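Just so it is clear, none of the values below were taken in a lab; they were calculated from the coordinates. From a predicted model like this one, the values you see are computed outputs, not experimental measurements. In this analysis, Cβ positions are derived from the backbone assuming ideal geometry, glycine residues included, and neighbour counts consider all displayed protein chains.
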Ligand SMILES: Nc1ncnc2c1ncn2[C@@H]1O[C@H](COP(=O)(O)OP(=O)(O)OP(=O)(O)O)[C@@H](O)[C@H]1O
Ligand SMILES: [Mg+2]
């Protein structure tokens, strides 16, 4: 469903992604692991056009997400067209990025109503369902400041879900959390993975990768080094760099 | 200590309290000099106040007579109106100035920077004089496409740019430069994650600004609005050079007739301070409300 082909991305002279290619099928959960600075976040940010790529193709259901091809060049689409595709891709950030001036429920319905033009009552009703799913139905009227880190991240997940995206990208969703809050977020994510949501998850949580991922991608220095099932990557890594990394985190 | 027991591990030495020792509260010794300095300060103030009140040249009856008089009251109202309009102009233009300075378009951002540089650089009184006299130099403005003969209509400047309008336009424009910088600071203080999250939800630039960035930036901006308003109130005293009707000009006009200059200046001073005194609790209230749902 999401296809990344030979994506190259540099910041100034620093080449951060060196011809990265992989594919994610519908309903699949793919975990991306790798050392700090290897380009994991950059991959996700390129997929939903938070970063502009140098070259390559990124498609959602075989449609280019932010560009169109024209005489051998990629031409940027207009804002409206880009956003029209972006809205089908949810994103959950390490730092939650909830809107602090809105209540939890307002956070959830802002985009469905404002972007998709849904009826407020409909978006609210579904929003409450998602809040129930993440275990926070009693926090609908709370402001983000009153929530713990784990609760904030669960709200962020519910906010992404309430746009009814085709896939959600997670960038280290538990890295900013206190240890005792990590599990409540991972539980929700495991439930989503089981429920058939398409997910790309950048994570340092090897336990989660082992349990919930269909495939694990190991990245190092802007390249995909090894891809396999969780068992293959985490228990029987073939590449020396994968072996070293896995050894260091387990 | 109290009766609460602490579970002590045998491997952690020295963590139990010594029950036999006595523990004293901290005693803070006050310096006797602080008393002396305070007393002297009060005496000096009392002396100055006594001198003022009993001064033979100071007719307090005149002060009281004019304090609530009709002309002074209408002057007060003009000053408040002038300042409120100027603040509104400053705020509205300030948003554009801030957006202009943050624009990706290099022409726009440079023009905006130049605008701020000029309007903050020129003394307010010079700007007032320019706006007050502009009708003499540009009697009509022709609306049309520059450097062509296409004209859509013309505006007779003097008809619209009355001294009152010129006053608040001048004050408002000067304020817009300051306001623009304040707003820009507020906008830039918002974490980039907010913009990214909104973008990832499919929101367009204008919508992100309106619904996500501006409401949060306002919380940084609103507290300084009060300060700006008091600055404008004070700056509004300068409008006497082109117009008048304001508090200070009215007071001075009365003084020109009754020769009680000091008394009339005191009347004006009383009202300037009164406005500020009313302002600050309002300002506190607004600050408190804007902070209520802070991160
Ligand atoms: N906006 C930016 N400007 C310049 N360099 C950047 C920028 N964002 C990322 N980089 C660089 O790109 C490289 C990859 O960064 P990225 O954030 O993708 O790594 P990561 O794998 O997510 O690491 P981490 O585990 O620390 O989050 C790093 O060397 C980083 O310094
Ligand atoms: Mg990262």
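Based on the inverse mean of 1/r over its pairs of different Cα atoms, what is the Kirkwood hydrodynamic radius of segment B:6-121, in Å?
Over segment B:6-121, the inverse of the mean reciprocal pair distance is 23.4 Å.
Whole angstrom only: what separates the Cα centroid of segment B:225-295 from the Cα centroid of segment B:29-53? Taking the Cα centre of segment B:29-53 as reference, the centre of segment B:225-295 is 29 Å away. Note on chain B: Cα Rg divided by 2.2 N^0.38 Å, N the number of residues, gives 1.52.
With 0.36 nm allotted per residue and the present C-alpha distance subtracted, the residue B:30-residue B:42 stretch has 2.4 nm of extension available. Annotation: extensible slack from residue B:270 through residue B:106 equals 54.2 nm (criterion: 0.36 nm per residue apart, minus Cα-Cα distance).
In whole Å, how far is the Cα centre of segment B:133-164 from that of segment B:99-132? Spelled out, the Cα-based centre of one part sits 21 Å from the other. Extending 7 Å from the Cα toward the beta-carbon at both residue B:181 and residue A:71 defines two label points whose distance is 4.8 nm. Rg of the Cα atoms in segment B:207-257, relative to 2.2 N^0.38 Å, amounts to 1.86. Over segment A:1-154, Cα pairs under 8 Å with separation of 6+ residues give a relative contact order of 17 percent. Computed over all pairs of different Cα atoms, the Kirkwood value for the hydrodynamic radius of chain A is 18.8 Å. Compared with the direct C-alpha span, the chain from residue B:9 to residue B:138 gains 37.5 nm at full extension, assuming 0.36 nm per residue.
Which value results for Rg/Rh of segment B:189-232 when Rg is the Cα radius of gyration and Rh the Kirkwood radius based on the inverse mean 1/r? Across segment B:189-232, the Cα-based Rg/Rh ratio is 1.16.
Diffusion coefficient (Stokes-Einstein, Kirkwood radius over C-alpha pairs, 37 °C, 0.692 mPa s) for segment A:172-250: 247 µm²/s, rounded to a whole number. Counting other Cβ atoms within 10 Å as a rough exposure proxy, the listed residues A:108, A:77, B:143 run B:143, A:77, A:108 from fewest neighbours to most.
Look at B:103, B:34 and count the other Cβ atoms within 10 Å of each Cβ; fewest to most, that gives B:34, B:103. For the pair segment A:167-211 / segment A:47-121, the C-alpha centres are spaced 21 Å from each other.
Taking only the C-alpha atoms of the protein assembly as shown, Rg followed by Dmax gives 33.2, 102 Å. May I ask you to work out the translational diffusion coefficient for segment B:137-271 at 4 °C, viscosity 1.567 mPa s, via Stokes-Einstein with Rh from the Kirkwood sum over Cα pairs, reported in whole µm²/s? Once the numbers are plugged in, D ends up at 68 µm²/s. Using the rule -39500 (n - 2.57) for each DSSP H run of four or more residues, divided by the residues of chain B, the 222 nm mean residue ellipticity is -22500 deg cm²/dmol.
Taking every DSSP bridge with both residues inside the protein assembly as shown, close to 60 percent are antiparallel.
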